[in-house]
Amino acid sequence: MQLHPGDTGGAFFELDWDPKNEPEGHWEPAGGDGWQKAQRTDVISRISSIELQSHAPQSMAERWAAIAGVALKHDEQGRIFFPLENADIRFVEATDGRGDGLGGIDLVVVDRLRLLAEAEQRECRVSNDQVNVGGMRFYL
């Protein structure tokens with residue numbers, strides 16, 4: 001089920017479930033179990049969190065948590081988030097001029113040197129911990 005950003009704030013909120021109860025496994029829109037054969041994990045192994053930005057992050061977080069039926073938490077930096085089975089959703093203040101929406105993605109990096117070299121070559125490297133592609137922040 002997909003909920004429109006006009007109803008949820010920030011981004012489409014998609015609720016999925018896996019009939020086999022494998023959050024990293026069977027996913028019919030990607031070919032069932034077949035997607036794993038095409039997955040490349042030599043540089044990045046997975047997404048660990050997404051970051052939704054808003055001019056009212058607390059309000060957005062409360063709405064999303066109520067829809068998902070999960071409790072809000074705070075990380076070590078005091079940011080609001082809630083955990084899901086395979087990733088977290090974090091809510092932050094919109095400070096980049098783009099308004100409400102997806103602002104960043106946390107990546108679990110396997111080969112940081114290769115990733116940073118490629119980002120440097122494409123003029124996307126921000127720091128040793130962040131790459132920016134098309135306005136999207138990727139946290140390493």
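The values are calculated or read from the model by the stated rules, or taken from the named source; none is laboratory data. Because the structure is a prediction, the values reported are computed rather than measured. In this analysis, Cβ positions are derived from the backbone assuming ideal geometry, glycine residues included, and neighbour counts consider all displayed protein chains.
Of note:
- Scanning the stretch 62-103 for residues that are touching a Lys or Arg at 6+ places or on another chain (Cβ under 9 Å) and among the hydrophobic types (A, V, I, L, M, F, W, C) yields Ile80, Phe81, Phe82, Ala87, Phe91, Val92.
- Counted residues, the stretch 101-140 - those being at pLDDT 95 or above, in a loop (DSSP other than H, G, I, E, B) and not hydrophobic (A, V, I, L, M, F, W, C): 5
- Here Gln36 does not fit the description of being under 26 Å from Leu116 (Cα atoms), among the polar types (S, T, N, Q) and in contact with a strand residue (DSSP E or B) (Cβ under 9 Å, 6 or more places away or on another chain).
- Of all residues in the stretch 54-77, none are in a strand (DSSP E or B) and of a type in the set (A, V, I, L, M, F, W, C).
- Check on Gly69, free of Cβ contacts under 8 Å to residues at least 24 places away in the same chain, at positive phi, surrounded by fewer than 12 Cβ atoms within 10 Å (Cβ to Cβ) and small (Gly, Ala, Ser): yes
- Screening the stretch 84-140 for residues that are farther than 24 Å from Arg40 by Cβ, β-branched (Val, Ile, Thr) and surrounded by 17 or more Cβ atoms within 10 Å (Cβ to Cβ) and picking the one that is nearest to the chain's Cα centre (by Cα) gives Ile89.
Conditions tested, residue by residue: (1) at pLDDT below 95; (2) under 15 Å from the mean Cα position of the chain (by Cα).
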{"site": "Phe12", "(1), (2)": "yes, yes"}
{"site": "Glu22", "(1), (2)": "yes, no"}
{"site": "Pro29", "(1), (2)": "yes, no"}
{"site": "Glu51", "(1), (2)": "no, yes"}
{"site": "Gln58", "(1), (2)": "no, no"}
{"site": "Lys73", "(1), (2)": "no, no"}
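- Within the stretch 16-24, the presence of a residue that is part of a strand (DSSP E or B) and surrounded by 10 or more Cβ atoms within 10 Å (Cβ to Cβ) is excluded.
- If you check Asp75, Asp42, Asp7 for being among the charged types (D, E, K, R), under 29 Å from Leu140 (Cβ atoms) and free of Cβ contacts under 8 Å to residues at least 40 places away in the same chain, only one passes: Asp75.
- So Arg46, is it modelled with pLDDT under 95 and among the basic types (Lys, Arg): yes
- Index of the failed condition, Asp96 passing every other in (1) assigned to a strand (DSSP E or B); (2) in contact (Cβ under 8 Å) with a residue 24 or more places away in the chain: (1)
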